[in-house]
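The values are calculated or read from the model by the stated rules, or taken from the named source; none is laboratory data. Every value quoted in this text rests on a predicted model; they were computed, and no experiment measured them. Cβ placement follows ideal geometry from the backbone for every residue including glycine, while neighbour counts extend to all protein chains displayed.
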């Protein structure tokens, strides 16, 4: 297999490396299609995307990708059960109106799901909030609190609790700081962001 694109975020690279070859994939909140293109080119998948921004849908189409404009908060219910082998929600869960319901939809539509999100318990964020008393601005959360699309600030510990409540099985997990993978020990304060592969 050829090397992954150098500009591919670490969470996306982990997803690409673990999606089965030839799988049917729905990328929810697909953005400009960077992940779908890597999945198509490196894993030979049948990748489809949903994106709320019409401009980003156009960018996907310009790359020869199949993407539709849609709001994941409302439009996932139109997909039949088991429509895809894999459903992906990358750095989008914290923007969902009802993250718990979106998780249910992911695992209804796909047999497996990949979810990645920024960890609001990361120690640098805790320290910045302690010292400055203001919501931190970081590489992965680069805008002020009043500009952000993030409406549910979750931590890795919060996500574990949600999975336990929902009875969701963790197949694999990865934790990253500054695009470098770290181990799971104390990940709730050491990891900048996390990726989970999930199933029922």
Discussion item. Here is a check on your reading of the model: is residue 112 modelled with pLDDT of 95 or more and part of a loop (DSSP other than H, G, I, E, B)?
Written reply: no
Residue within region 24-43 that is loosely packed, with under 14 Cβ neighbours inside 10 Å and in a loop (DSSP other than H, G, I, E, B) present: no
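Can you confirm whether region 93-106 contains a residue that is over 24 Å from residue 166 (Cα atoms), surrounded by fewer than 17 Cβ atoms within 10 Å (Cβ to Cβ), at pLDDT 95 or above and within 16 Å of the chain's Cα centre (by Cα)?
Let us first name the residues in region 93-106 that are over 24 Å from residue 166 (Cα atoms), namely none.
No.
Those residues that are more than 22 Å from residue 81 (Cβ to Cβ), in a loop (DSSP other than H, G, I, E, B) and in contact (Cβ under 8 Å) with a residue 40 or more places away in the chain, I need them from region 4-23; list them, please. Can you show your working first?
Pass one, region 4-23, residues more than 22 Å from residue 81 (Cβ to Cβ): 4-18, 21.
Next, only the ones that are in a loop (DSSP other than H, G, I, E, B) stay: 4-9, 21.
The answer is 9, and nothing else.
When you look at residue 129, is it in a helix (DSSP H, G or I) and in contact with a strand residue (DSSP E or B) (Cβ under 6 Å, 6 or more places away or on another chain), yes or no? Break it down stepwise before answering.
Details: in a helix (DSSP H, G or I): yes; in contact with a strand residue (DSSP E or B) (Cβ under 6 Å, 6 or more places away or on another chain): no.
Criteria not met by residue 129.
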query: Out of all the residues in region 127-139, is one or more out of contact with any helix residue (DSSP H, G or I) (no Cβ under 7 Å at 6 or more places or on another chain) and closer than 18 Å to residue 15 by Cβ?
result: no
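If you check 137, 182, which single one turns out to be at pLDDT below 95, more than 15 Å from the chain's Cα centre (by Cα), surrounded by 13 or more Cβ atoms within 10 Å (Cβ to Cβ) and more than 24 Å from residue 27 (Cα to Cα)? Steps first, answer last, please.
On the way: 182 fails: at pLDDT below 95.
Exactly one of 137, 182 is at pLDDT below 95, more than 15 Å from the chain's Cα centre (by Cα), surrounded by 13 or more Cβ atoms within 10 Å (Cβ to Cβ) and more than 24 Å from residue 27 (Cα to Cα), namely 137.
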Here the residues within region 141-168 that are farther than 22 Å from residue 129 by Cα, exposed (fewer than 12 other Cβ atoms within 10 Å of the Cβ) and either in contact (Cβ under 8 Å) with a residue 60 or more places away in the chain or touching a helix residue (DSSP H, G or I) at 6+ places or on another chain (Cβ under 9 Å) (or both) are 165
Per the filter on region 185-200, residues in contact with a strand residue (DSSP E or B) (Cβ under 6 Å, 6 or more places away or on another chain), assigned to a loop (DSSP other than H, G, I, E, B) and exposed (fewer than 15 other Cβ atoms within 10 Å of the Cβ) are none
